[in-house]
Structures are given as structure tokens and as C-alpha cells.
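Asks: Would you mind keeping the following structure in view while I ask a few things?
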Amino acid sequence: SLSKETSVSGGKGSVTIEMIPVGKNRIVTVQAYGVSEKIDGIILRAAADISEGENSVSVDWESSKKGYVYDALLKNGVNISSLTDEQITQIDEAVPSVHASLIDVSAIASDFKDGTLQAAEKYVLSPATLNIIVKGAEGCTVQVTDPVSNVSSQILSDYETVKISNVVPGNWNIYVLDGSLKKFTKSVSVSSGAVLDVQIGEEKFDGIKVLV
């Protein structure tokens with residue numbers, strides 16, 4: 001694979017990569033980085049036919065629907081460069097019209113390989129809900145690092161529960177933010193449609209008696 005870095009402004013950027021082999025359904029991947037580390041959940045993909053000469057490919061969340069599926073097919077041992085027009089149509093019809101991160105791409109890839117593709121609605125993951133109990137974070141807000149849910153606008157008091165819905169299934173971090181600074185961090189594993197109670201923040205032992 002070929003890679004190159006570029007800067008992003010206003011959510012947009014461009015880059016030129018040379019010497020790409022000509023072929024069908026080449027996967028173009030964009031991984032977002034912060035100052036020094038990868039940003040959770042922000043991986044965009046596109047599947048594009050590459051011909052001789054200059055090619056232009058747009059990579060965004062919309063293109064990632066197909067890009068994620070073709071990447072899963074490739075990882076499942078499917079030769080995506082030799083797919084027929086009929087097979088491509090079958091795959092396209094199995095991709096649901098939801099956010100790319102809520103598509104069960106592994107199931108699509110597995111069913112395609114087995115010849116058992118189903119209707120598109122069968123491949124939709126249900127978002128989860130997190131009830132986040134925060135301790136010792138007055139004036140802070142809460143964020144889950146998946147690509148769909150938003151930073152909570154709720155300003156915290158000393159001990160409060162923040163509900164964040166529409167969380168993508170996967171492994172994410174929970175950040176308690178003091179402005180842009182991360183005051184507390186906790187990892188969480190989220191399954192499709194789950195409702196989870198999670199505690200994060202300071203450990204307090206008020207009201208506990210210690211006997212010697």
C-alpha cells in the first residue's frame with residue numbers, strides 16, 4: 001500500500017499519491033490524526049477504479065459505506081478486483097442507507113462469500129446508549145470517541161449522570177473534558193443496541209467507616 005500525509009482545514013484536505021497500480025475497486029483509506037495520535041473512529045474509505053493517467057477520488061462518510069464493505073470483503077479473502085458487474089450490483093443493494101459506522105460490514109462480507117446476501121435492512125447495527133456517572137468533574141462535559149455521538153452539552157455538577165445516545169458499537173474512549181483538556185479517560189466496549197451504565201472520575205469514600 002502507498003501512504004502520504006496531508007493537513008486538513010475545515011474538515012477538508014487533498015493529497016496526491018503517485019504510482020498506484022491500475023485496477024478495479026482499489027481501496028483508498030484516510031486516517032485522521034490529532035496532534036500526535038490517531039483519532040478514534042475517524043477512518044474514511046472509498047473503493048475506486050483506477051485507470052491510467054490522473055484519477056480523482058473523493059473520500060468521505062458517504063463513500064465509506066462502500067469503502068468499508070469492500071475492505072471487509074478483501075479481508076475475508078474476496079478478490080474485489082475481479083468482481084463482475086452482477087456481483088457489484090448485489091453488494092450495492094445489500095448496503096443500507098445509514099451512517100457508514102452503523103453498517104455490519106463483516107456480515108455482508110461473510111454472506112457474500114457464502115452466497116447468502118440478504119436485504120439491506122438486515123445489515124444495520126443498532127446504536128447504543130451510555131449512562132455515564134461522573135464524579136469530581138464540576139463544570140466539565142463528556143464525550144464518547146465514536147464517530148456518530150456528540151459531545152454532551154450538559155455542564156456537570158459534582159456527581160451526575162450524563163446520557164449519551166447514538167453510540168456506534170465498538171471499542172471507544174470516554175473523555176471528561178475541562179474545556180479542551182481531558183480530565184478523565186476510560187475505555188468502554190459497546191455492543192449493538194446496548195444500554196450501559198459506566199462510572200468515571202474520582203474515587204470517593206465518603207461515609208465509609210474504617211475499623212482497626
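The values are calculated or read from the model by the stated rules, or taken from the named source; none is laboratory data. Predicted model only: the values in this text are computed from it and were never measured. Neighbour counts are summed over all protein chains in view; Cβ atoms, including those assigned to glycine, are modelled from backbone coordinates with ideal geometry. Note: accessible area is taken over every heavy atom of the protein model, side chains too, but ligands, DNA and RNA are not part of it. Shrake-Rupley method; radii C 1.70, N 1.55, O 1.52, S 1.80 Å.
Asks: Determine the gain in length on full extension of the stretch Asn166-Gln199; use 0.36 nm per residue of separation and subtract their C-alpha separation, reporting nm with one decimal.
Replies: 10.0 nm
Asks: Sticking with the crude label model, points 7 Å out along Cα→Cβ, report the distance from Ser82 to Ser126 in nm, one decimal please.
Replies: Label at Ser82, label at Ser126, 4.1 nm between them.
Asks: Compute the long axis of helix 61-75 from its Cα atoms, compare it with the longest principal axis of the Cα atoms of the chain, and write down the angle in degrees, 0 to 90, nearest 10.
Replies: 70
Asks: Only Lys, Arg, Asp and Glu count, each charged at its Cβ (+1, +1, -1, -1), so figure out the dipole size of the chain about its Cα centre, rounded to 20 debye.
Replies: 440
Asks: Further question: From Cα pairs below 8 angstrom and at least 6 apart in sequence, can you work out the relative contact order of the chain, rounded to a whole percent?
Replies: With pairs under 8 Å counted, the relative contact order is 15 percent.
Asks: Okay, next question. Which order, highest average first, do 65-71, 177-183 follow once you tally other Cβ atoms within 10 Å for each residue and take the mean per peptide?
Replies: 65-71, 177-183
Asks: Assuming a viscosity of 1.002 mPa s and a temperature of 20 °C, what translational diffusion coefficient in µm² per second does Stokes-Einstein assign to the range 1-149, Rh being the Kirkwood radius over Cα pairs?
Replies: 123
Asks: Let me ask you something else. Taking 0.36 nm per intervening residue step and subtracting the Cα-Cα distance, what contour gain separates Gln118 from Glu93 on full extension?
Replies: Contour length minus Cα-Cα distance gives 8.1 nm.
Asks: Could you name the aspartates and glutamates in cross-link range of Lys186, using Cα to Cα under 17 Å and dropping any fewer than eight places away on the same chain?
Replies: Glu37, Asp40, Asp146, Glu160, Asp178, Asp197, Glu202, Glu203
Asks: May I ask which residue of Thr116, Ser101, Val69 lies farthest towards the positive end of the charge dipole of the range 1-139, with charges of +1 (Lys, Arg) and -1 (Asp, Glu) on Cβ and the Cα centre as origin?
Replies: Of the listed residues, the answer is Ser101.
Asks: Okay, moving on. Compute, for Ile103, the solvent-accessible surface of its heavy atoms (probe 1.4 Å) with the complete set of protein chains present, and express it in square angstrom to the nearest 10.
Replies: Only protein atoms counted, so the area is about 10 Å².
Asks: Here's another thing I want to ask about it. Any chance you could list the semi-axes, whole Å, largest first, of the equivalent ellipsoid that the Cα gyration tensor gives for the range 100-164, using √(5λ)?
Replies: 38, 9, 8
Asks: Where does the range 89-212 land on Rg/Rh, using Cα atoms and the Kirkwood Rh?
Replies: Computed over Cα atoms, the ratio is 1.16.
Asks: Tell me the net charge near Val95. Cut-off is 14 Å between Cβ atoms, Val95 excluded, with +1 for each Lys or Arg and -1 for each Asp or Glu.
Replies: The answer is -3.
Asks: Given the whole protein assembly as supplied and a 1.4 Å probe, what does the accessible area of Trp61 come to in Å², nearest 10?
Replies: Estimated to the nearest 10 Å², Trp61 gives 70 Å².
Asks: Something else about it: Would you please give the FRET efficiency between Ser56 and Val35, computed as 1/(1 + (r/R0)^6) with r the Cβ-Cβ distance and R0 = 30 Å, to the nearest 0.05?
Replies: FRET efficiency, Ser56 to Val35: 0.50.
Asks: Can I ask one more? Relative to the first principal axis of the alpha-carbon coordinates of the chain, what is the inclination of helix 85-94, with its axis defined by its Cα atoms, in degrees from 0 to 90 and to the nearest 10?
Replies: 20
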